[in-house]
Every structure is written in structure tokens, then in C-alpha cells.
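Here the structure is laid out as C-alpha cells; the discussion comes afterwards.
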Amino acid sequence: MEWHACLDEYEKLVIRMSTPRVVIDNGVCPTATLVKVDSARRHGILLDAVQVLTDLNLSIKKAYISSDGQWFMDVFHVTDLNGNKLTDESVISYIEQSIETTHCDRSHGFNGLTALELTGTDRIGLLSEVFAVLADLQCDVVDAKVWTHNGRIASLIFVKDCNSGSPIEDSQQIDKIEARLRNVLKGDNDIRSAKTTVSMAVTHTERRLHQMMFADRDYERKPILEHTLELPAVTVQNWVERGYSVVNVQCKDRTKLLFDVVCTLTDMQYVVFHATIKTSGDKAYLEFYIRHRDGIPVSSEPERHRLIQCLQAAVERRASEGVRLELCTSDRQCLLADVTRTFRENGLNVTRAEISTTSDVALNVFYVTDATGNLADPKTIEAVRQKIGLGNLKVKQLPSVYHQKAEPEEQQAVGVGGAVLLSLGSLVRRNLYNLGLIKSYS
């Protein structure tokens, strides 16, 4: 560590104590890489560490977190999505530098773009209307994420001006964008809760989506459609002798699960003092010992109930229902408007979407169901693929219930559609490309 000439020894000691120290070990565990972090405790440091790991799409198999006094120590057992240890030196170096840097750059290339934040009542075809408005207003969508939960939708869309390629800064244009999108979001019956915000600020997309849905109070709403996925089991009990509230979460394991839970606890102003995270097969077991930032555990039944609701919502928002469709094609104006209009015309509802553009190539992921939230007919999926292009839009993943309920002829139709699992290696390489660690992900 290099020191500035004006720093005295005391200031250097303070910096050493407050800067996280990271050790990455491949020798201790035969099945995973250990990432060990220790630092002086501060609010949000656990989320910072988990965020670095999940931004690389790494899988956290186990974790042990402990904060004794004012010191924070944790150990993460991580693998790539193929279940292998981390051997790429660029990935290891990125983890070390990102966690050890107090103010590391987490913009992920969104500088120079205008951020649009949208929340409202979800309905079939809403995304197609949003993208049609943006295309009409000469907004080029560079990146976007869309989540839906309990009949609500939250979206963070990064755009630039189609003509100049610059961020949109003209106040009159911004007012026009906000007004048009607000009219689309509110529809006929959502005048009060539909919200649009235009911002130049750089933010972590997925944390912001959690914050937007939390502010929209999606956790209080009842699901409009019947769930086909197993609901998370969440309990909160007080350990009176130690002054902790003990939170247990049991649910199906998936990538970024720990981030979603820790993000929600952090934004609700709870501090994690100890935690144990374990996975077994496709199940995840998370236990947290928490207090509020004022040092008080959960102190009332309404607070306990609200915490349970919020954690269940945090797990459910990213637990995608539906068929995963991937679009890879040359980017062009109105592409998203055309694709989502085709979905709408064929009765497909988008439950989650991830939009990205790299070197004029659109790389988009959509999770779709039918209009009632049930599994989409394979024949409908094939019709959509024929319309958009069989080589451009591919079926990459099917929900497990699909295989349980599908008739033999339907399974054959899906097979024709190319229902194969996404190459996990390409996912990791794409993340490294977006983080600037490699020059090509092909």
C-alpha cells in the first residue's frame, strides 16, 4: 500500500484498520475457493463484499460471517457457475482490488447515460408500450433491467440520445419523457402509484431495483397470479439473552440469493453481526443474527411481520417464472419495441428482463409466461421465434414444472425450438467483459 507524503503514522493506522483485507485461498477446500475478508466493522461492509462476488455471477456455496466488537470477519466458499474453483488471475485480482478499495467504481459502464426509473402496475404488453415511447422520443436503450412482483413492475433503463449518442440533458426533453412514460404506466387505473424519474446518477442497478420495489411496498400486495414456485420460508425470533433477532430463510438456492437478502437487511437499517449460509442440493439455508442500527433487536410484532414480508419479497423478485428466451442480434433502433410487441401480440407476458448492448450487438434475456401467468404454450413460443428469427431468439431454459407437466408432443415441439441450457462459461466471460477484465467474450 502506497502512502501519501502528508499522512502521519496515526492516519496510516486508521486507514489500515478501515480498509478491508482480502485473502483468496484455493488450497483449503477441495470443492470451492475461499474468499476471506476482515476489516473494521461499518454499516454496509457485508453488502459491499457480497456485491463484488455476485456481480461476477459467482455462486456462494457457504459463508460464515462474524462481527466481534468492532471487527468484521467473514469467509465465503465460492465457485463459478460451472461449480469450479476460481483459477483466472484476473478474476481473483478484481475481487481483491474491489473489496479492498473503499470507493471502488461500481458504475459498470453506465457513465454518460441517462437513467430512467419506472414503477407501476404490471400488465401484459406494458413493456412494449414503454419501449415504443422511448423509440418515438429518439431514446436509444443501452441497458435495462425489469422486475415484476405481486402485480407491480420496477424497471431501471439506461438510455442515450439516438442522434448524438450523448446523455439526455435537455430539461424540456426530460419533462416530455417523464410525462409520456407516466401516462403509459398509469394506464386506466394506476394514477397515484405510477412513478417515473430521470436521473444522471450512477447506481448499482439491482440494489436500486430492490429499493424501488420496497418503496412501492410490493411486499404488502397479494399475488395476482397463482405461484408455481416454492415460496421462501422466513422466521424471525428474538434471542433475549444475547440481544439478537435470529432470522432464518429457507428456499430454493439460486445465484445472487445472498445478495438479495443482505441488500434488503441493509436497506432496512439492520446490521448483521453473525450469519451462517449453507446450500445442499438445490436448497439454501440462511441464518442471520441481527440488530437494528440503534442496537435494538426486532421489538414488536408489526416489525417482525414486516421484516418477514420484505425478506420473502426480496427472494421472490428474482425467482423468475416462465420460459427463458435469449435474443442475440445486431442492435438497431426500435428493436426492443418490435420484439416486445411480438410478445404482446402472441399473448406472452414478460415477468423479468435483462437488456444489454455491447459493440452494437443486442444481448437480451426475457422470462415469459402466458397472459394468466401460467406456462406458455410451446407452439406460441415457436410462433414468436419464427416471427423474430429462429437464429436470433432461442429458448435457453425451461422451468422445472414444464418438464413435469408437458405432454410428449409439447416436449418435442420445445426440442425443435432448441431448448438447451445456456453455456455457463459464456455467462462468466460476458460478466468479465462488462467489468473490463477481458477484451472479448466470444
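The values are calculated or read from the model by the stated rules, or taken from the named source; none is laboratory data. Quick caveat, the model's predicted, so the values are computed rather than measured. Cβ: placed from backbone, ideal geometry, glycine included. Neighbour counts: every protein chain shown. These area figures cover heavy atoms from the full protein model, side chains too; ligands, DNA and RNA do not enter into them. Shrake-Rupley method; radii C 1.70, N 1.55, O 1.52, S 1.80 Å.
Of all the residues in region 328-350, those that are buried (at least 22 other Cβ atoms within 10 Å of the Cβ) and part of a strand (DSSP E or B) number 3. Answer yes or no as to whether Thr357 is in contact (Cβ under 8 Å) with a residue 12 or more places away in the chain, on the phi < 0 side of the Ramachandran plot, open to solvent by less than 20 Å² (accessible area, probe 1.4 Å) and not small (Gly, Ala, Ser). It is false that Thr357 is in contact (Cβ under 8 Å) with a residue 12 or more places away in the chain, on the phi < 0 side of the Ramachandran plot, open to solvent by less than 20 Å² (accessible area, probe 1.4 Å) and not small (Gly, Ala, Ser). Kindly indicate whether Glu129 is charged (D, E, K, R) and either under 25 Å from Ala362 (Cβ atoms) or touching a Gly at 6+ places or on another chain (Cβ under 9 Å) (or both). Answer is yes for this residue.
Residue check: is Lys186 open to solvent by 30 Å² or more (accessible area, probe 1.4 Å), among the basic types (Lys, Arg) and touching a Pro at 6+ places or on another chain (Cβ under 9 Å)? Judged against the criteria, Lys186 is not a match.
Of the candidates Ala135, Ala144, Ala154, the single residue that is touching a Cys at 6+ places or on another chain (Cβ under 8 Å) and either among the polar types (S, T, N, Q) or in contact (Cβ under 8 Å) with a residue 40 or more places away in the chain (or both) is Ala135.
If I ask for residues that are open to solvent by 20 Å² or more (accessible area, probe 1.4 Å), under 26 Å from Arg208 (Cα atoms) and under 22 Å from the mean Cα position of the chain (by Cα), which ones from region 277-303 would you list? Scanning region 277-303 gives Tyr285, Glu287. The set of residues in region 84-99 being open to solvent by 40 Å² or more (accessible area, probe 1.4 Å) and either in a loop (DSSP other than H, G, I, E, B) or of a type in the set (D, E, K, R) (or both) consists of Asn84, Lys85, Thr87, Asp88, Glu89, Glu96. Of all residues in region 268-292, those satisfying the criterion of being out of contact with any Ser or Thr (no Cβ under 6 Å at 6 or more places or on another chain) and closer than 21 Å to Trp71 by Cα are Gln269, Tyr270, Val271, Val272, Ala275, Thr276, Ile277, Phe288, Tyr289, Arg291, His292. Entry remark, region 281-303: residues being touching an Asp or Glu at 6+ places or on another chain (Cβ under 7 Å) and not in a loop (DSSP other than H, G, I, E, B) number 2 in total. Screening the candidates Ser171, Ser155, Ser166 for the property of being open to solvent by less than 60 Å² (accessible area, probe 1.4 Å) and at pLDDT below 95 yields one hit, Ser166. If you go through region 39-83 and pick out every residue that is over 17 Å from Thr276 (Cβ atoms), outside any helix (DSSP H, G or I) and of a type outside the set (S, T, N, Q), you end up with 12. Is it the case that Tyr10 is hydroxyl-bearing (Ser, Thr, Tyr), farther than 24 Å from Glu206 by Cα and either modelled with pLDDT of 95 or more or assigned to a helix (DSSP H, G or I) (or both)? So Tyr10 passes the test. Can you name the condition, by its number, that Gln211 falls short on among (1) open to solvent by 10 Å² or more (accessible area, probe 1.4 Å); (2) modelled with pLDDT of 90 or more; (3) closer than 24 Å to Thr357 by Cα? Against the list (1) open to solvent by 10 Å² or more (accessible area, probe 1.4 Å); (2) modelled with pLDDT of 90 or more; (3) closer than 24 Å to Thr357 by Cα, Gln211 comes up short only on (3). Can you find, within region 58-86, the residue that is modelled with the lowest pLDDT among those that are closer than 24 Å to Ser280 by Cα and out of contact with any strand residue (DSSP E or B) (no Cβ under 8 Å at 6 or more places or on another chain)? If we take residues in region 58-86 being closer than 24 Å to Ser280 by Cα and out of contact with any strand residue (DSSP E or B) (no Cβ under 8 Å at 6 or more places or on another chain), then Asn82 is modelled with the lowest pLDDT.
Going through (1) in contact (Cβ under 8 Å) with a residue 40 or more places away in the chain; (2) open to solvent by 30 Å² or more (accessible area, probe 1.4 Å); (3) over 27 Å from Ser193 (Cβ atoms) one by one, Val272 falls short only on (2).
Before we move on, is Arg306 outside any strand (DSSP E or B) and either in contact with a Ser or Thr (Cβ under 8 Å, 6 or more places away or on another chain) or open to solvent by 30 Å² or more (accessible area, probe 1.4 Å) (or both)? For Arg306, the condition - outside any strand (DSSP E or B) and either in contact with a Ser or Thr (Cβ under 8 Å, 6 or more places away or on another chain) or open to solvent by 30 Å² or more (accessible area, probe 1.4 Å) (or both) - is met.
Residue pairs, Cβ under 8 Å, 6 or more apart or interchain, first in region 240-252 and within 16 Å of Gly281 (Cβ to Cβ) and among the polar types (S, T, N, Q), second at pLDDT below 95 and open to solvent by less than 20 Å² (accessible area, probe 1.4 Å). List them. Short answer, once both residue conditions are applied: Gln250/Pro232. Going by what's in this entry, would Leu325 be described as within 30 Å of Asp140 (Cα to Cα) and either open to solvent by less than 50 Å² (accessible area, probe 1.4 Å) or among the hydroxyl-bearing types (Ser, Thr, Tyr) (or both)? The answer is yes for Leu325.
Summed over region 309-322, the residues that are open to solvent by less than 20 Å² (accessible area, probe 1.4 Å) and either in contact with a Pro (Cβ under 7 Å, 6 or more places away or on another chain) or not in a helix (DSSP H, G or I) (or both) give a count of 3. Within region 102-135, being open to solvent by 50 Å² or more (accessible area, probe 1.4 Å), within 21 Å of Lys195 (Cα to Cα) and modelled with pLDDT under 95 holds for Arg123, Ile124.
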